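The values are calculated or read from the model by the stated rules, or taken from the named source; none is laboratory data. Since the model is a prediction, treat every value here as computed from it, not as a measurement. FYI the Cβ positions are ideal-geometry reconstructions off the backbone, even for glycines, and counts take in every protein chain you see.
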Amino acid sequence: MTNPESPQRVLPESDGRDAFDALVIRTDFSDDGQWQAVVRELHLPWGDDGEFPASVRVVDDPAWSGATADEVFAAVEEDEDLPVVFLADRRTMESPVRALLALTTSWEDRSGLDPVYYQDLIDRPNPREFRAVPAAVHPVHTCVSLGNMGFAEFAATAAESPGQVLPG
């Protein structure tokens, strides 16, 4: 739910944004050094041998300062090519591993899953968010975009990882 006292936040025009560009929105402006470290990590090649170039769209605009997850959802809900968005919030800036907040923009329908094989997944609630290091942004965004893995699978891995942060 958007706070009626806060202005409607709008993403910059997405001219040229590819479906495989991960979207990272900075919502905390307390530590420029930490933010620059996040940006550097986001622009590193990724994959087993660094075979994939980084493809990221960074929103670094003070208009997003203090934005909540609900405000971000409201701003991105019309973008059908964006299954996940990442926030660089206060916890990111305070985290030694610069863990971003990953938010799903879509609900995963589990009604058609065979309960014999997927009972554990069916019984768990759909997660809305989890924390991930910057090196995990590209694999998460790409795999969820392609449907190779669901957001819930990444969230479950993060929940079982040290500090409940998805590693790179």
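The table below lists the values:
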| quantity | calculated |
| --- | --- |
| Residue match in the range 27-34 (condition: among the hydrophobic types (A, V, I, L, M, F, W, C), over 21 Å from residue 104 (Cα atoms) and touching a helix residue (DSSP H, G or I) at 6+ places or on another chain (Cβ under 7 Å)) | yes |
| Complete set of residues in the range 64-98 that are farther than 15 Å from residue 134 by Cβ and in contact with a strand residue (DSSP E or B) (Cβ under 9 Å, 6 or more places away or on another chain) | 64, 65, 67, 69, 72, 73, 75, 76, 79, 82, 83 |
| First in the range 145-163 and outside any loop (DSSP other than H, G, I, E, B) and of a type in the set (S, T, N, Q), second anywhere and surrounded by fewer than 16 Cβ atoms within 10 Å (Cβ to Cβ) and modelled with pLDDT of 90 or more, Cβ under 9 Å, 6 or more apart | 157/167 |
| So residue 50, is it at pLDDT below 85 and out of contact with any Phe, Trp or Tyr (no Cβ under 7 Å at 6 or more places or on another chain) | yes |
| Any hit, the range 59-77, residues being small (Gly, Ala, Ser), within 16 Å of residue 31 (Cβ to Cβ), modelled with pLDDT of 90 or more and outside any strand (DSSP E or B) | yes |
| Considering residues of the range 85-142 that are assigned to a loop (DSSP other than H, G, I, E, B) and in contact with a Pro (Cβ under 8 Å, 6 or more places away or on another chain) only, the residue modelled with the lowest pLDDT | 106 |
| Residue that is nearest to the chain's Cα centre (by Cα) [pool: residues in the range 52-65 that are more than 17 Å from residue 140 (Cβ to Cβ) and without any contact (Cβ under 8 Å) to a residue 40 or more places away in the chain] | 60 |
| First in the range 69-87 and closer than 16 Å to residue 142 by Cβ, second anywhere and buried (at least 20 other Cβ atoms within 10 Å of the Cβ) and among the basic types (Lys, Arg), Cβ under 8 Å, 6 or more apart | none |
| Near pairs, Cβ below 7 angstrom, 6+ apart or cross-chain, from the range 14-27 (among the β-branched types (Val, Ile, Thr)) to any residue that is modelled with pLDDT of 70 or more and surrounded by fewer than 16 Cβ atoms within 10 Å (Cβ to Cβ) | 27/65; 27/66 |
